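Structure, as structure tokens:
The values are calculated or read from the model by the stated rules, or taken from the named source; none is laboratory data. Every value quoted in this text rests on a predicted model; they were computed, and no experiment measured them. Glycine gets a Cβ as well: all are built from the backbone with ideal geometry, and neighbour counts include every protein chain shown. The area values use the complete protein model at the heavy-atom level, side chains included, leaving out ligands, DNA and RNA. Shrake-Rupley method; radii C 1.70, N 1.55, O 1.52, S 1.80 Å.
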Amino acid sequence: MLNCGYGHGYSVRQVLDSVQRVSGRSLTIREEPRRAGDPAILVAKADRIRALLGWSPQLDDLDTIVRSSLDWEAKLLREPW
């Protein structure tokens, strides 16, 4: 198994803040306590895929990743498969 990741992570709150910032829209956010068994931090370690395949992520900035994702979703709405 190979994980694709950056070796660092973002919190859900950071991702939601980025979505709001990049989209220019406010989200209705309801915060709840962490569920039993949820890890405090979960980060993909990509050392193996880097070593075996020479892979590295093209995007490493959260706002850029969110922009790319929002653009992809908009394209799917305009041009469904």
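Taking the residues in the range 17-42 that are open to solvent by 90 Å² or more (accessible area, probe 1.4 Å) and among the charged types (D, E, K, R) as candidates, determine which candidate is farthest from residue 3 (Cα to Cα).
So, considering only residues that are open to solvent by 90 Å² or more (accessible area, probe 1.4 Å) and among the charged types (D, E, K, R), the one farthest from residue 3 (Cα to Cα) is 25.
Got at least one residue in the range 58-69 being in contact with a helix residue (DSSP H, G or I) (Cβ under 8 Å, 6 or more places away or on another chain), closer than 30 Å to residue 24 by Cα and of a type in the set (Lys, Arg)?
Yes, there is a match, as at least one residue in the range 58-69 is in contact with a helix residue (DSSP H, G or I) (Cβ under 8 Å, 6 or more places away or on another chain), closer than 30 Å to residue 24 by Cα and of a type in the set (Lys, Arg).
Residue check: is residue 36 assigned to a loop (DSSP other than H, G, I, E, B) and among the hydrophobic types (A, V, I, L, M, F, W, C)?
yes
Take the residues in the range 43-69 that are closer than 14 Å to residue 15 by Cβ and part of a helix (DSSP H, G or I), then tell me which one is most open to solvent (accessible area, probe 1.4 Å).
Restricting to residues being closer than 14 Å to residue 15 by Cβ and part of a helix (DSSP H, G or I), the top hit is 67.
Could you list, ordered by first residue, the pairs with Cβ atoms under 6 Å in which the first is in the range 56-76 and more than 13 Å from residue 19 (Cα to Cα) and the second is in a helix (DSSP H, G or I), at least 6 apart or interchain?
Hits for this filter: 59/65.
Output the residue which, of all residues in the range 43-64 that are under 15 Å from the mean Cα position of the chain (by Cα) and charged (D, E, K, R), is nearest to residue 2 (Cα to Cα).
45
Would you confirm whether any residue within the range 7-14 is open to solvent by 100 Å² or more (accessible area, probe 1.4 Å), of a type in the set (Lys, Arg) and either part of a helix (DSSP H, G or I) or under 20 Å from residue 69 (Cα atoms) (or both)?
For the range 7-14, residues open to solvent by 100 Å² or more (accessible area, probe 1.4 Å), of a type in the set (Lys, Arg) and either part of a helix (DSSP H, G or I) or under 20 Å from residue 69 (Cα atoms) (or both): present.
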